[in-house]
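Notes follow once the structure below has been shown.
The values are calculated or read from the model by the stated rules, or taken from the named source; none is laboratory data. Every value quoted in this text rests on a predicted model; they were computed, and no experiment measured them. Here Cβ is always computed from backbone atoms with ideal geometry, including for glycine, and neighbour counts include all displayed protein chains. Each accessible area value is taken on the protein alone, full model and side chains, heavy atoms only, with ligands, DNA and RNA left out. Shrake-Rupley method; radii C 1.70, N 1.55, O 1.52, S 1.80 Å.
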Amino acid sequence: MTRSPPLYLALFFALVCGTAQSQQAEPADTIEVFTNARIIIGDGSIVDRGTLEIRNGIILTVGSSLLSPEDAVVHDLNGKTIIPALVNTHAHLGWEAYGDWGSQFFTEENLVDHLYRHAYYGVGTIISTGSDKEDVAQRVKLEQLRGNIRGARYELSPGMGSPGGGPNPRFTDDPDYWGVNPIADPEQAIRTVRELATQGYGIAKIWVDTRDERRGAQVKLAPEIYRAVLETAADYDMRIIAHATTLADHKALVAVGNRRFIHMPYDSAVDDEYLELVQENNVYIVPTLGMITKQEPYYIPAFQDPFFYDQVPDAVLQSLNTNYTAPPTTRSEAAQERSAMLADNLFRLKDHIILGTDAGAVGDFFGYADHVELSLFVRMGMTPMEAIIAATSRAAQAFGLNNVGLLQAGKAADFVILNANPLDDINNTRQIDAVYIRGEAMDRESWSTRWTLEN
Ligand SMILES: [Zn+2]
């Protein structure tokens, strides 16, 4: 039986999201040439005064002297920098309503809005991690593949965990929360991974922590269960990302084949044994620094940062301000030691770090949080170039998203044009001139106008 999308959906996407034509500056088969730009490829290399040619959403050439046909549309980017669009591997779409939050907001309309918000800030690909209502999410994903939705590329990763477990209590206390795929024993784990693989999922998340004992998940995911997940996933080339926050769990997980983590070890310093495991197994780590640095003296809440103002009305800024509790001005010695340890952990793991914000879960905001994370990478010892690699090519590689994260011939034309050089100052990733995804300029101005209007 074949199913076509409900008519209301098609109408909704046409009216609210804009049709393909209304957001495209040029017909799809026009060659567009972006010239005289500093091009940061994403793998650590740079082309000075380079040229990027695109057509039909694909990069045709990247280099310093290219042949452009006479009818190409040329953009002179003198003084500007091009970077690959960012790849964010950890967020929770659909629940945030900018002023309210909950499962009731998980609609097609809100999901699409969150893809646009990411795109506005230069995020080309977003992996939503284990909290999506799968039927709604699949419909949006399909409409995007059909070309009816723009914004960041939407990748899904369903979640598995102990029965009653899963994400933080903010999600699971919601009476209408749909839960996670329960895996109570190795047999159920094997069955669940096979089912998800058969449904076409290439990425899935497991929660190893107990998280919160109120919800019945008093037992951590047992090693024999996550081992069954990892071994079965390997059979199906499914990429697993594990939620784990302790050094001991990280080691135990890598030992049985886990290669991706949400969160780095927060409980103790990274030791040589772990570092060796990480290097030998090519492990990828999403440190989610934004979540753990809210008590730091340098932390700037979103409502105090003009870079955030483009996507919310004043009333939301005011309510964020009202609900904000500033951290204490003096910090205990233990808190200071912990900060130093986390910075040191990040620095030691820097060649394995990838971008993920956890936005949409605990008060961080889509797209904006990505730039905060980039700044934190550099604050904790990475170079701006290393931070950009972590947020582009390495993040894409970690999940086999081989079409994005690098500016190379044959890859997707997903890139951000910046008015200032982020290698001079990582905060220059905020100086966004334009965002292209699938070779199309994102309609940033009209989105911002809509978002900042008072209801
Ligand atoms: Zn999360």
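Observations, loosely collected:
- Charge dipole (the chain, unit charges on Cβ, about Cα centre) - positive-most of L142, F308, G166: L142
- Overall, the accessible surface of region 84-398 at a probe of 1.4 angstrom is composed of carbon and sulfur to the extent of 48 percent.
- Cα gyration tensor shape for region 400-455, rounded if a/c is under 1.5, else prolate or oblate: oblate
- Listed residues T322, T198, T210: farthest to the positive end of the dipole of the chain (Cβ charges): T198
- Within straight-line cross-link reach of K294, aspartates and glutamates at Cα separation under 13 Å, skipping those fewer than 8 residues along the same chain: D364, E373
- Theoretical FRET efficiency, 1/(1+(r/R0)^6), r = Cβ-Cβ of R450 and R191, R0 35 Å, to 0.05: 0.20
- For region 383-424: rounded, prolate or oblate by the Cα gyration tensor [a/c cutoff 1.5]: oblate
- Amide N of region 174-191 lying under 16 Å from the label point, which is placed 7 angstrom from the Cα of N323 along Cα→Cβ: 174
- Nearest-20 debye value, region 84-398 charge dipole, Cβ charges on Lys, Arg, Asp, Glu: 360
- Heavy-atom accessible area per residue - the chain, 1.4 Å, Å²: 41
- Note that region 75-88 has calculated 3J(HN,Hα) couplings of 10, 7, 10, 3, x, 9, 10, 10, 10, x, 4, 6, 10, 9 Hz, one per residue in order, obtained from phi through the Karplus relation 6.51 cos²θ - 1.76 cosθ + 1.60 (θ = phi - 60°); glycine and proline are x.
- For the chain, with +1 on Lys and Arg beta carbons and -1 on Asp and Glu, the positive-most of I59, I183, L407 along the dipole: I183
- Rounded, prolate or oblate (a/c below 1.5 giving rounded, otherwise prolate when a/b exceeds b/c) for the chain by Cα gyration tensor: rounded
- The sum of -39500 (n - 2.57) across all DSSP H runs of n ≥ 4, divided by the residue count of the chain, sets its helix-only mean residue ellipticity at 222 nm to -9500 deg cm²/dmol.
- With the gyration tensor restricted to C-alpha atoms of region 159-272, the semi-axes of the equivalent ellipsoid amount to 20, 20, 12 Å, longest first.
- Listed by chain and number, the aspartates and glutamates whose C-alpha is less than 20 Å from the C-alpha of K251, apart from same-chain residues fewer than 8 away, are D209, E224, E231, D267, D271, D272, E273, E276, E280, D344, D351.
- Under a model in which nothing but the beta-carbon of Lys, Arg (+1) and Asp, Glu (-1) is charged, region 81-198 shows a dipole of about 500 debye around its Cα centre.
- With contacts taken as Cα pairs under 8 Å at a separation of at least 6 residues, the chain carries a relative contact order of 20 percent.
- Computed magnitude of the charge dipole of region 309-455 (debye, nearest 20; Cβ of K, R +1, Cβ of D, E -1): 340
- Listed by number, the DSSP H helices of the chain that run 20 Å or longer by alpha-carbon position along their axis and have mean Kyte hydropathy of at least -1.0 are 333-348.
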